[in-house]
Amino acid sequence: MNFELTSEQKEIRELAMKFARNEMMPKAGEFDEKAQMPMDILKQAWELGLVNTCIPAEYGGAGFTTIDSMIITEALAYGCLGMNTSIMANDLALLPIVIGGSDEQKKKFLTPFTEDYKIAAFCLTEPGYGSDAAGIKTTIKEDGDHYLLNGNKMWITNAGYADLFVVYATIDPAKKHKGITALVIDAKAEGIELGEKENKMGHRCSDTRAVTFSNVKVPKENILGGVGEGWKIAMATLNHSRPMVASSAVGGAQCAMDHAVKYSSERNQFGVPLSRHQAIQMIIADMGIEIEAARLLVQKAAWHIDNGTPNPELSSYSKAKAADMFMKVATDAVQVYGGYGYSKEYPVEKLMRDAKLIQIYEGTSQIQRLVIAKEIFTRS
């Protein structure tokens, strides 16, 4: 085992952290307050090669490994969780094409994202089906040389700005997961209606909306992997994306801890800095322990993906651990700040709001535990 980053990975981390500190952090509060997507900043990230990290080199991407992607995600999340969510959503939407697309589909759908800044959205969740993704009701029906897509999707990140949707629909709801099919759609196609931007607790600068599809024509060549193969593609996608979300939690938690360390070193109580009080030292020490444990789980899950042995159990370990850890670290950071931590003038208030979503999207912390338990009992 070698936990040392390569010289190239260190350069990637330095580049991403510099961008996070200099471009994202100074504007994070402003865009959070306005609930506005920071297009200029996101485009700058794309110009630096920090967006669409999943695209292979043969289709114009940087050829990053999964570990490289985790390094970038942790750094960008350190700068702003909301902005990072918009960036991660592109990878989440493009991963099914990388995993399940043909060579022709990859050239057609991935290459344009390397030539200009474009935005993608992953459409799986529905108003009545979140954790129970196999129960989705959005349908596709064959109609000549194309399919007709009908249904509703909910909580779709990037929906209002997307150029491309990857949508999961079913040929027959009674078939459950066996009927689910993944397809690629031009986000400007006729029959697509967007809902109002959601007014969220955290990640406020990312765009989240409902999407309605009404007799949207989908060319047959836009089906990924074949009819009924969507569930396998979705699960393989989540095996890749859950460690990425976990790494964003690590980045956010590291940011919260760093703020707490700085504040406790400067704030005096009872004649000495807060950092001299053992109660505060215990809180900070626990933050460090938990962050490092989560980071190592992320790295292990990413290593397995890079070595061709993706592991659903490890992906869920990393997601569950990092999400719950971030919520605890952010809450404790607010506690270290005391009354000031409850004020929007200080950064830890936003981090606490942002942390909650990581326990919910990409599979709740409870769903991760169901996945883990299934893996454990299957091999017992």
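Computed quantities for the displayed model
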quantity: Sites ALA57 and PHE270, calculated FRET efficiency, Cβ-Cβ separation with R0 45 Å, nearest 0.05; calculated: 0.20
quantity: Whole-number Å³ per residue for the convex hull built on Cα positions in the stretch 231-379; calculated: 109 Å³
quantity: Relative contact order (%) - the chain, alpha-carbon pairs under 8 angstrom, separation at least six; calculated: 16 percent
quantity: Among GLN44, ALA330, TYR147 - extreme Cα towards positive end, dipole of the chain, charges at beta-carbon; calculated: ALA330
quantity: GNM result for the chain, Cα springs below 10 Å: residue of ILE119, ILE233, ILE289 fluctuating most strongly; calculated: ILE289
quantity: 0 to 90° range, to nearest 10: angle between helix 347-358 axis and the chain longest Cα axis; calculated: 40 degrees
quantity: Residue order, fewest to most beta carbons within 10 Å, for MET70, MET25; calculated: MET25, MET70
quantity: Cβ-placed point charges (K, R +1; D, E -1), dipole of the stretch 177-239 about Cα centre in debye, nearest 20; calculated: 160 debye
quantity: Vicinal HN-Hα couplings computed from phi for the stretch 69-81 (Karplus, 6.51 cos²θ - 1.76 cosθ + 1.60; Hz; Gly/Pro x); calculated: 4, 5, 4, 5, 4, 4, 5, 5, 5, 4, x, 5, 5
quantity: Net dipole in debye of the chain [+1 Lys, Arg Cβ; -1 Asp, Glu Cβ; about Cα centre; nearest 20]; calculated: 880 debye
quantity: Options THR208, GLY160, ILE192, ranked by Cα towards positive dipole end of the stretch 120-228, top entry (Cβ charges); calculated: THR208
quantity: Alpha-carbon Rg/Rh ratio, for the stretch 120-228, with Rh computed the Kirkwood way; calculated: 0.96
quantity: The chain: most fluctuating residue of SER247, SER86, SER131 per GNM, C-alpha cutoff 10 Å; calculated: SER131
quantity: Cα lying deepest toward the dipole's positive end in the stretch 231-379, options GLY363, HIS304, MET244, charges on Cβ; calculated: GLY363
quantity: Nonlocal amide H pairs with GLU126, under 5 Å, H built at 1.01 Å; calculated: MET154
quantity: More than 22 Å apart - percent of Cα-Cα pairs taken over the stretch 70-162; calculated: 42 percent
quantity: Most mobile of GLN335, GLN105, GLN269 in a GNM of the chain (Cα contacts under 10 Å); calculated: GLN269
quantity: Order of MET39, MET327 under a 10 Å beta carbon neighbour criterion, fewest first; calculated: MET39, MET327
quantity: The stretch 59-194, relative contact order in percent, only Cα pairs under 8 angstrom and at least six apart counted; calculated: 21 percent
quantity: Charge dipole magnitude, Cβ of K and R +1, D and E -1 - the stretch 7-115, Cα centre, debye nearest 20; calculated: 60 debye
quantity: Rg/Rg_ref, the stretch 229-271, where Rg_ref = 2.2 N^0.38 Å and atoms are Cα; calculated: 2.07
quantity: Where the Cα pairs of the chain fall when distances are cut into 20 Å bins, in %; calculated: 29, 57, 13, 1
quantity: Relative contact order computed over the stretch 136-282 (Cα-Cα under 8 Å; 6+ residues apart), in percent; calculated: 23 percent
quantity: For q = 0.10, 0.13, 0.18, 0.19 Å⁻¹, Debye-computed log10 I/I(0) when each Cα of the stretch 7-115 counts as one equal scatterer; calculated: -0.28, -0.47, -0.86, -0.94
quantity: Derived scalar couplings ³J(HN,Hα) [the stretch 371-380; Karplus, 6.51 cos²θ - 1.76 cosθ + 1.60; whole Hz; x for Gly, Pro]; calculated: 4, 4, 4, 4, 5, 5, 6, 5, 8, 7
quantity: 5 angstrom amide H check on ALA187, placed H, neighbours 5+ away; calculated: LEU164, PHE165
quantity: Ellipticity estimate at 222 nm from DSSP helix runs (n ≥ 4, -39,500 (n - 2.57)) divided over the chain, nearest 500; calculated: -17500 deg cm²/dmol
quantity: Order of PHE109, PHE326, PHE165 - criterion: other Cβ atoms within 10 Å of each residue's Cβ, fewest first; calculated: PHE109, PHE165, PHE326
quantity: Normalised per residue, the volume of the convex hull around the Cα set of the stretch 18-65 (Å³); calculated: 85 Å³
quantity: Karplus 3J(HN,Hα) series, Hz, for the stretch 182-187 with 6.51 cos²θ - 1.76 cosθ + 1.60 (x for Gly, Pro); calculated: 9, 9, 9, 9, 5, 5
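Where a number appears in this text, it was derived from the coordinates with a stated rule and is not lab data. Because the structure is a prediction, the values reported are computed rather than measured. Using ideal geometry, Cβ is built from the backbone for each residue, glycine included, and neighbour counts are taken over all protein chains shown.
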